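*Asks:* Take this structure, written in structure tokens, and hold onto it; I'll ask about it next.
The values are calculated or read from the model by the stated rules, or taken from the named source; none is laboratory data. Computed from a prediction, not measured in an experiment: that's the story for all the values here. Ideal geometry is used to build each Cβ from the backbone, glycine not excepted, and the neighbour counts take in all protein chains shown.
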Amino acid sequence: MALSRATQPGGASRRHATVGRVGLSERPASASLPLAARATRLAASYPLAQFPNGPLLAALGALAVAALTDGSLRHYARAAFYAALAAWAWDELARGTNWVRRAFGVAGLFYVIVKVGAALGA
């Protein structure tokens, strides 16, 4: 570490330490990380999977009931599935943490619209 003199505005001088190649860098911290570390940081900021929230749990439960039953209970369970899936998709579209989650919301809403339209004879 070498000491050098620097002149401040107004003519006064001050001493400061200069740091060579072994010291601090002016590059951003993310640029100095290895590729795997940057990918891990990116994956943490773009969560794609998480524990299902309330509407998605309700949709999965209704789908399970619809798969295990017959008759009118099956029809009601499928209706509950589409309603809960639409609620989940709308929530993801409106409040998704990133663009991938919002795209899942769009896909979910599209699926519900197509299936309900087909059930109504459209």
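*Asks:* Filter segment 48-93 down to residues that are of a type in the set (S, T, N, Q) and closer than 22 Å to F110 by Cβ and give me whichever is surrounded by the most Cβ atoms within 10 Å (Cβ to Cβ).
*Replies:* At the first step, the residues of segment 48-93 found to be of a type in the set (S, T, N, Q) are 50, 53, 69, 72.
Then keep just the ones that are closer than 22 Å to F110 by Cβ; that gives 50, 53.
Values: Q50: 9, N53: 12.
Among residues in segment 48-93 that are of a type in the set (S, T, N, Q) and closer than 22 Å to F110 by Cβ, the one surrounded by the most Cβ atoms within 10 Å (Cβ to Cβ) is N53.
*Asks:* Looking at segment 53-71, which of the residues that are of a type outside the set (A, V, I, L, M, F, W, C) and in a helix (DSSP H, G or I) is farthest from A84 (Cα to Cα)? Steps first, answer last, please.
*Replies:* So in segment 53-71, the residues of a type outside the set (A, V, I, L, M, F, W, C) come out as 53-55, 61, 69-71.
Going one step further and asking which of them are in a helix (DSSP H, G or I), we end up with 54-55, 61, 71.
Values: G54: 9, P55: 5, G61: 10, G71: 20 Å.
Top of the filtered list is G71.
Table: residues versus (1) touching a strand residue (DSSP E or B) at 6+ places or on another chain (Cβ under 9 Å); (2) at pLDDT 95 or above; (3) not aliphatic (A, V, I, L, M).
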| site | (1), (2), (3) |
| --- | --- |
| A43 | no, no, no |
| A49 | no, no, no |
| V65 | no, yes, no |
| L73 | no, yes, no |
| R78 | no, yes, yes |
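*Asks:* Based on this model, can you work out whether A49 counts as aliphatic (A, V, I, L, M) and part of a helix (DSSP H, G or I)?
*Replies:* Values: aliphatic (A, V, I, L, M): yes; part of a helix (DSSP H, G or I): no.
Taking the combined requirement at face value, the residue does not satisfy it.
*Asks:* Looking at segment 103-118, I want the residues that are over 13 Å from W90 (Cβ atoms) and exposed (fewer than 14 other Cβ atoms within 10 Å of the Cβ) and have a partner that is at pLDDT 95 or above and of a type outside the set (S, T, Y) with Cβ atoms under 8 Å, at least 6 apart or on another chain. Which pairs are those?
*Replies:* none
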